[in-house]
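Asks: Got a structure here, written out as structure tokens. Questions coming.
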Amino acid sequence: MKNKKLIITSMLGATLFGSSLILTSKSAQAAVKETPVNGTVTVKYDGKGKVNLLNSDGAYQNQYVSKNSQWKAFTKATINNQEMYRLGSEKQWIPSKFTQFNEKGAENNTPAVNGREESYKGHVATVVYHGRGGVSLLDKNGKHTKQYVANNSTWKTLGKAVINGQTVYRIGSENQWLPAQYSVIDKAYQNPAGYYQVQYSQIKPTGKVGYTVGRGYEGIKTWLIMRRLGTFGGYANYNWATYNAVRRFQASHHLPVTGNVDVNTWQKLGFTRNSFYDIDSYIAPLGASKTQGRSAHIEAMIRQAYKYLGKPYIVGASSSPQYGTDCSGLAMQALYAGGINPQSASSINHAHPGNEWNSRNLWADRRLKTVPYSQRQRGDLIFYYQPGTRTIWHVAIYLGNNQVIESWPPRIMVQPIINGQRNIIAGVKRPFI
């Protein structure tokens with residue numbers, strides 16, 4: 001097809017209703033307080049040229065919308081004291097003062113075509129084109145428009161029809177039809193080769209489920225044992241005091257005096273047998289399907305992290321949301337929910353001696369893509385140096401808007417990306433590419 005300069009590069013679900021535009025962002029929704037809306041906005045602007053879009057930080061982007069063009073509005077929010085509508089990704093916000101909002105959703109108006117349109121919602125079309133430039137969209141009469149979609153961009157489908165003998169999918173208005181010959185329906189989202197592949201069957205725990213706890217161990221079991229025996233002092237490490245307390249407990253309850261806690265000692269301490277295994281075996285359930293795009297997997301990751309919000313910081317812990325975690329333990333469970341199983345770390349082995357610094361293993365893992373700090377996006381992992389050294393000692397999950405969710409003493413919380421507790425950023429890793 002003919003090469004054009006104007007290419008619409010979509011994010012999943014950024015439905016277009018108006019004139020041509022360069023959309024380049026595929027990042028996920030920024031961490032601003034958004035309110036869903038159901039309708040369209042018409043661009044109303046009395047000046048010259050087009051209206052400049054902004055990102056979720058309120059910074060202007062190299063993206064513009066034309067006067068009188070119509071767009072589906074997904075959410076509204078106040079950014080830098082200015083009400084805005086989100087037209088697509090976190091980099092596609094328009095000030096409400098330049099719009100007229102129509103409560104009735106434009107997607108409910110079925111366009112007339114010269115072929116019977118079938119409802120085709122719930123599917124995703126991926127553009128597959130081996131020529132130069134982008135794929136030209138067609139209008140309702142089958143004529144080429146001045147709008148193009150880029151190779152590998154993904155779009156939600158709204159309808160399906162045959163126009164002039166050609167099968168097409170509607171991805172926006174009546175003048176935005178994508179030829180079926182240049183698309184693949186419900187193509188699975190996947191990272192490029194060389195990076196961690198997104199999994200679509202439940203991730204299994206790596207390590208021994210039901211391990212015996214002894215000296216040097218950390219994690220949830222150690223935390224519970226120390227609290228039960230009164231040896232916990234704010235740091236869940238199976239120390240000599242805990243070892244000796246376990247020996248005394250075993251001797252008084254006619255158990256083998258080993259100083260280690262196996263399942264029998266665990267039960268005598270008052271815990272259930274099932275919990276001895278359940279704590280080890282917990283892996284966050286997958287939160288996105290294979291036909292959903294990158295944004296959905298990032299959101300699954302962040303939803304899982306938020307389940308731990310307010311729970312205590314527990315060194316070596318990475319189990320279910322009923323407990324706390326440490327920084328890398330939180331990152332691991334969040335990655336599991338998004339479909340990534342980092343082989344450089346394991347939620348079970350995280351509690352074992354020698355696994356105290358899995359944040360360093362994740363940082364060194366080449367199967368997680370390194371990106372410049374200036375290009376950070378929602379869902380990236382932010383790594384920090386220990387002050388005075390170049391040693392990794394912390395990892396957090398980036399939410400956008402210069403906020404992270406992290407496990408840092410005393411609890412899991414949302415914090416500015418840089419603050420007085422940890423402020424020397426080592427770099428950024430991107431799990432979902």
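The values are calculated or read from the model by the stated rules, or taken from the named source; none is laboratory data. The structure presented is a predicted model; accordingly, all values stated were derived computationally and were not measured. Methodologically, a virtual Cβ is constructed for each residue, glycine included, from the backbone with ideal geometry; neighbour enumeration extends over all protein chains shown.
Asks: Just give me the residues in region 399-429 being closer than 30 Å to Gly194 by Cβ and touching a helix residue (DSSP H, G or I) at 6+ places or on another chain (Cβ under 9 Å), in sequence order.
Replies: Residues satisfying the conditions are Leu399, Ile405, Glu406, Ser407, Ile425, Ala426, Gly427, Val428, Lys429.
Asks: Still on this structure, I have one more. Tally the residues that are more than 22 Å from Gln176 (Cα to Cα) and either polar (S, T, N, Q) or surrounded by 14 or more Cβ atoms within 10 Å (Cβ to Cβ) (or both), restricting the search to region 44-74.
Replies: 9
Residue-wise test of (1) within 22 Å of Ile171 (Cα to Cα); (2) at pLDDT below 85; (3) touching a helix residue (DSSP H, G or I) at 6+ places or on another chain (Cβ under 8 Å); (4) not aromatic (Phe, Trp, Tyr).
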site	(1), (2), (3), (4)
Asn62	no, yes, no, yes
Trp71	yes, yes, no, no
Ala77	no, no, no, yes
Met84	no, no, yes, yes
Lys91	yes, yes, no, yes
Glu103	yes, yes, no, yes
Val113	yes, yes, no, yes
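Asks: Does region 256-273 contain any residue that is part of a strand (DSSP E or B) and without any contact (Cβ under 8 Å) to a residue 60 or more places away in the chain? Quick ask: steps written out before the conclusion?
Replies: At the first step, the residues of region 256-273 found to be part of a strand (DSSP E or B) are 261.
When the remaining residues are screened for being without any contact (Cβ under 8 Å) to a residue 60 or more places away in the chain, the result is 261.
Scanning region 256-273 turns up at least one residue that is part of a strand (DSSP E or B) and without any contact (Cβ under 8 Å) to a residue 60 or more places away in the chain.
Yes or no, residue by residue, for (1) β-branched (Val, Ile, Thr); (2) buried (at least 22 other Cβ atoms within 10 Å of the Cβ):
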{"site": "Thr370", "(1), (2)": "yes, no"}
{"site": "Asp380", "(1), (2)": "no, yes"}
{"site": "Gly388", "(1), (2)": "no, no"}
{"site": "Thr391", "(1), (2)": "yes, no"}
{"site": "Gly400", "(1), (2)": "no, yes"}
{"site": "Glu406", "(1), (2)": "no, yes"}
{"site": "Asn423", "(1), (2)": "no, no"}
{"site": "Pro431", "(1), (2)": "no, yes"}
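Asks: What number goes with the only condition from (1) out of contact with any strand residue (DSSP E or B) (no Cβ under 7 Å at 6 or more places or on another chain); (2) surrounded by 15 or more Cβ atoms within 10 Å (Cβ to Cβ); (3) aromatic (Phe, Trp, Tyr) that Trp240 does not pass?
Replies: In the conditions (1) out of contact with any strand residue (DSSP E or B) (no Cβ under 7 Å at 6 or more places or on another chain); (2) surrounded by 15 or more Cβ atoms within 10 Å (Cβ to Cβ); (3) aromatic (Phe, Trp, Tyr), Trp240 misses (2) alone.
Asks: If you don't mind, there's one more thing I want to ask. Tell me which residues, restricted to region 146-201, are over 23 Å from Arg430 (Cα atoms), among the polar types (S, T, N, Q) and touching a Leu at 6+ places or on another chain (Cβ under 6 Å).
Replies: Gln147, Gln176
Asks: Now, a different point. Sort out which residues of region 354-384 are at pLDDT 95 or above and in a loop (DSSP other than H, G, I, E, B), and write them in order of number. Give the steps one after another, and end with the answer.
Replies: Let us first name the residues in region 354-384 that are at pLDDT 95 or above, namely 358-384.
Matches in region 354-384: Asp365, Arg366, Arg367, Leu368, Pro372, Arg376, Gln377, Arg378, Gly379, Asp380.
Conditions tested, residue by residue: (1) buried (at least 22 other Cβ atoms within 10 Å of the Cβ); (2) farther than 30 Å from Arg430 by Cα.
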position	(1), (2)
His253	no, yes
Leu286	no, no
Gly293	yes, no
Ile298	yes, no
